[in-house]
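A.B. asks: Submitted below is the structure of interest, expressed as structure tokens.
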Amino acid sequence: MTASASSPAIAASGLSKSYNGRPALHELDLSVEPGEVLGFLGPNGAGKTTTIRLLLGFLRPTSGTATVLGFDCWSQSLEVRRTLGYLPGDVRLYDAMSGRAFLALCARLRRTAGRSAELASRLDLDLDKRVGTYSKGNKQKLGIVQALMHEPRLLILDEPTSALDPLVQETVYEILNELKQSGTTIFFSSHVLSEVQKVCDRYAIIHDGRLVREGTVSELGELSGSLVRVSFQDEQAGEHALDRAGLAARREGDDFVLTITDPNDVVRALAGVHVAGLDVRPLSLEEVFFESTSRATCGDETS
Amino acid sequence: MTLVVIVRKLAAEILRILVAIGLLLSVFFVLGTYLFVDFGDMNQMAISRMSPEMIAGIFGGVLQGLEPLELWLVTLLLHPFLLTLLTVAVIAIATRSLAGEIDRGTIDVLLSYPIPRWHLPLAAALVQFFAVTTLVGVALGSVGLGLRLAGLELSSWPAFAWVAFNLWATFIAIGSVCLAISAHCDRHGAALARSAGFVMVSFLVNLLASLWSKVRLLEVLSVFHYYRPQPIVTADGPIWTDLLILITVTGVALGVAVAGFSTRDIATT
């Protein structure tokens, strides 16, 4: 098989991987078009890293096939790796080297230093220190620089902003958006919904090794929401107020816990009730997945 | 091109340990050779009290026809200190390069670059080649320095050059087996333990088979059986069958390492 201009950037068909008979990925069908940014979402242990390892040719599929830019990921792994940049989830580099020496090694392996100096400067990374003395965030920055420095056609990023402070995260989103504008295909693995919404065109959710949902990022907005934990001085009055507003809450000790998509619903419901405690935070991916699954189950039962 | 880059990276990583081993070997052989003047006779007397089986076990054959200085040097070239240091060098290179990269997790970034997988075991084999060549060269050079400092003359230099070549081939073979082990391990510690186990079992089998006639047949299974300085010095030339077997072991082990590493799953933890 050879690459052609019309090939999808990434195509997986019935892709499965088992470790000692234990399935880690089950018949994944996935396609990413050139220039597209796909958010690959899933809780820890869902099969995201296994999928990435199959795409990179680190693992041989138990069954099914995967291609990158038309090249088979296992039998043509070398061609695949020529075209891409990769940032592992838990980036581990050579501690004895300085950041500069590490990037020089990468440049020799790619035969180009590319944008390494510019990227290091944008991410405010000191290249003269030994990698072993770097903080986790700085190692992550160095990992990002090596993945992006040669301007690859395809980027595979496994949780690229973990360990980065919010300011640097914004710089990374900015760089990724520039790459997106220039037509780079990005496979963006994450378990954070909000960052996928910021960067990606489409999303795919994987759970227990199976693709459970995919769609556009605007559809993802319908899935996301916030988790509200509220307690009242007068519990009966509070419960009544929530019922009146049509908000379904469950009891956890003294607290009422509910998920919402529009914060105004809660503000309206709680007006006039004496609130003892209130905590609002975005739903985690696990909670979104749990919510959407239970909604679907309820829907099935009522129909 | 990527092969050269990987070789240089690995060589830089193990440079310190090689320099340390080289210095230790140098001191051992300069001092050891120099001490012949004071202890050479004592060595000969001690060996003369040994049973023929023990002599055959330790030296790989009878000791007839060896000059006292030759006997002293043969003793040095069979000393466990030398064998241990060379073992440490080849195991360090083999385990650091393959299982070590996987265990440390650095393989994830390294293999995301366009490097054919077989370049990694091959690069490790090349570094082992250079390291063993250098260390054996240091040992031989240090013998020469020790002789000069002691004012001694050695007439059988060519024979000792063949001994050094036999030593080199033995440790290239051991290193290749360790590479084959490392290519199939995910953990640096597991690769170290298995490689050290292989060397120790091999050494003990050779020793036991040499000392105990009932298990003599087992000696062919040990890689150390094919390192025999004494017959080389006596015959003033190499034992070609030993060299052929060591080269075959090297070839098979490297084939297993390259094929195994190229087709295995790479899964860091």
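A.B. asks: Does the stretch A:41-58 contain any residue that is surrounded by 19 or more Cβ atoms within 10 Å (Cβ to Cβ), in contact with a Lys or Arg (Cβ under 6 Å, 6 or more places away or on another chain), at pLDDT 90 or above and outside any helix (DSSP H, G or I)?
C.D. replies: no
A.B. asks: Let me ask another. All but one of (1) without any contact (Cβ under 8 Å) to a residue 40 or more places away in the chain; (2) over 30 Å from residue A:216 (Cα atoms); (3) within 14 Å of chain B (Cβ to nearest Cβ) hold for residue A:76; state the number of the condition that does not hold.
C.D. replies: It fails just one condition, (1).
A.B. asks: Condition first: facing chain A (nearest Cβ under 10 Å), touching a residue at least 40 places away in the same chain (Cβ under 8 Å) and farther than 18 Å from residue B:177 by Cα. Can you find one or more residues in the stretch B:78-87 that meet it?
C.D. replies: The answer is no, given that none of the residues of the stretch B:78-87 is facing chain A (nearest Cβ under 10 Å), touching a residue at least 40 places away in the same chain (Cβ under 8 Å) and farther than 18 Å from residue B:177 by Cα.
A.B. asks: Let me ask you something else. Which condition does residue A:61 not pass, out of (1) farther than 27 Å from residue B:186 by Cα; (2) assigned to a loop (DSSP other than H, G, I, E, B), if it passes all the others?
C.D. replies: Unmet for residue A:61, out of (1) farther than 27 Å from residue B:186 by Cα; (2) assigned to a loop (DSSP other than H, G, I, E, B): (1).
A.B. asks: Can you confirm whether residue A:130 is under 24 Å from residue A:35 (Cβ atoms) and more than 10 Å from every other protein chain (Cβ to nearest Cβ)?
C.D. replies: So residue A:130 does not fit the description; no.
A.B. asks: Can you say whether residue A:249 is on the phi < 0 side of the Ramachandran plot, free of Cβ contacts under 8 Å to residues at least 60 places away in the same chain and of a type in the set (Gly, Ala, Ser), as far as the supplied structure shows?
C.D. replies: Yes; evaluated as a whole, the condition is true for this residue.
A.B. asks: Okay, next question. Looking only at the stretch B:231-266, which residues are of a type in the set (Asp, Glu) and touching a residue at least 24 places away in the same chain (Cβ under 8 Å)?
C.D. replies: B:236, B:242
A.B. asks: Hey, another quick one. Within the stretch A:37-69, track down each residue that is away from chain B (no Cβ under 11 Å), more than 20 Å from residue A:212 (Cα to Cα) and either touching a Ser or Thr at 6+ places or on another chain (Cβ under 6 Å) or not polar (S, T, N, Q) (or both).
C.D. replies: First, the residues of the stretch A:37-69 that are away from chain B (no Cβ under 11 Å): A:37-48, A:51, A:63-69.
In the following step, the residues that additionally are more than 20 Å from residue A:212 (Cα to Cα) were identified as A:67-69.
Result: A:68, A:69.
A.B. asks: Something else about it: Quick check, is residue A:116 at the interface with chain B (Cβ under 9 Å from one of its Cβ atoms), crowded, with 18+ Cβ neighbours inside 10 Å and among the small types (Gly, Ala, Ser)?
C.D. replies: Here the answer is no, as residue A:116 does not meet what is asked.
A.B. asks: Another question, then. Name the single residue, out of those in the stretch A:15-31 being of a type in the set (D, E, K, R) and either farther than 24 Å from residue A:70 by Cα or within 13 Å of another protein chain (Cβ to nearest Cβ) (or both), that is surrounded by the fewest Cβ atoms within 10 Å (Cβ to Cβ).
C.D. replies: Going through the qualifying residues, I end up with A:22.
A.B. asks: So, one more: Output the number of residues of the stretch A:46-99 satisfying the condition of being among the charged types (D, E, K, R) and within 16 Å of residue A:159 (Cα to Cα).
C.D. replies: 4
A.B. asks: Considering only the stretch A:134-145, I want to know if a residue exists there that is buried (at least 18 other Cβ atoms within 10 Å of the Cβ), of a type in the set (A, V, I, L, M, F, W, C) and out of contact with any strand residue (DSSP E or B) (no Cβ under 9 Å at 6 or more places or on another chain).
C.D. replies: yes
A.B. asks: Just checking: which of the helices (runs of 4 or more DSSP H) contained wholly in the stretch B:167-269 hold 3 or more residues that are at pLDDT 95 or above and more than 14 Å from chain A (Cβ to nearest Cβ)?
C.D. replies: Result: B:188-211, B:240-263.
A.B. asks: Return yes when residue A:105 is crowded, with 17+ Cβ neighbours inside 10 Å, facing chain B (nearest Cβ under 9 Å) and free of Cβ contacts under 8 Å to residues at least 24 places away in the same chain and no when it is not. Write out each step before concluding.
C.D. replies: Values: crowded, with 17+ Cβ neighbours inside 10 Å: yes; facing chain B (nearest Cβ under 9 Å): yes; free of Cβ contacts under 8 Å to residues at least 24 places away in the same chain: yes.
Taking the combined requirement at face value, the residue satisfies it.
A.B. asks: Can I ask one more? Test residue A:95 against the stated conditions and say whether it is closer than 18 Å to residue B:109 by Cα and acidic (Asp, Glu).
C.D. replies: yes
A.B. asks: Enumerate the pairs (first residue in the stretch B:1-29 and within 13 Å of chain A (Cβ to nearest Cβ) and more than 16 Å from residue B:139 (Cβ to Cβ); second residue anywhere and in a helix (DSSP H, G or I) and of a type in the set (Ser, Thr, Tyr)) with beta-carbon separation below 7 Å, excluding pairs fewer than 6 apart on the same chain, so at least 6 apart or on different chains.
C.D. replies: Once the first residue is within 13 Å of chain A (Cβ to nearest Cβ) and more than 16 Å from residue B:139 (Cβ to Cβ) and sits in the stretch B:1-29, its partners that are in a helix (DSSP H, G or I) and of a type in the set (Ser, Thr, Tyr) give B:10/B:97.
Yes/no per residue for (1) hydrophobic (A, V, I, L, M, F, W, C); (2) under 17 Å from residue B:89 (Cβ atoms):
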residue	(1), (2)
B:137	no, yes
B:156	no, no
B:197	no, no
B:209	yes, no
B:221	yes, no
B:235	yes, no
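A.B. asks: Test of understanding: among A:244, A:210, A:229, which residue is in contact (Cβ under 8 Å) with a residue 40 or more places away in the chain, more than 30 Å from residue A:22 (Cβ to Cβ) and of a type in the set (Lys, Arg)? Before you say what the answer is, go through the steps one by one.
C.D. replies: Details: A:244 fails: in contact (Cβ under 8 Å) with a residue 40 or more places away in the chain; A:210 fails: more than 30 Å from residue A:22 (Cβ to Cβ).
Residue meeting the stated conditions: A:229.
A.B. asks: Still on this structure, please answer the following. Quick check on my filter: what residues within the stretch B:207-222 are of a type outside the set (Lys, Arg) and out of contact with any Leu (no Cβ under 7 Å at 6 or more places or on another chain)?
C.D. replies: B:207, B:208, B:210, B:211, B:212, B:213, B:217, B:218, B:219, B:220, B:221, B:222
A.B. asks: Answer with yes or no whether residue A:98 is away from chain B (no Cβ under 12 Å), among the polar types (S, T, N, Q) and touching an Asp or Glu at 6+ places or on another chain (Cβ under 9 Å).
C.D. replies: Judged against the criteria, residue A:98 is a match.
A.B. asks: Okay, moving on. Mind checking which residues of the stretch B:107-122 are in contact with a helix residue (DSSP H, G or I) (Cβ under 7 Å, 6 or more places away or on another chain), within 12 Å of chain A (Cβ to nearest Cβ) and in a helix (DSSP H, G or I)?
C.D. replies: Once the filter is applied, which keeps residues that are in contact with a helix residue (DSSP H, G or I) (Cβ under 7 Å, 6 or more places away or on another chain), within 12 Å of chain A (Cβ to nearest Cβ) and in a helix (DSSP H, G or I), the stretch B:107-122 yields B:107, B:109, B:110, B:119.
The values are calculated or read from the model by the stated rules, or taken from the named source; none is laboratory data. What you are looking at is a predicted structure, and each value in this text was computed from that prediction instead of being measured. Every residue, glycine among them, receives a Cβ derived from its backbone with ideal geometry; neighbour counts consider all protein chains shown.
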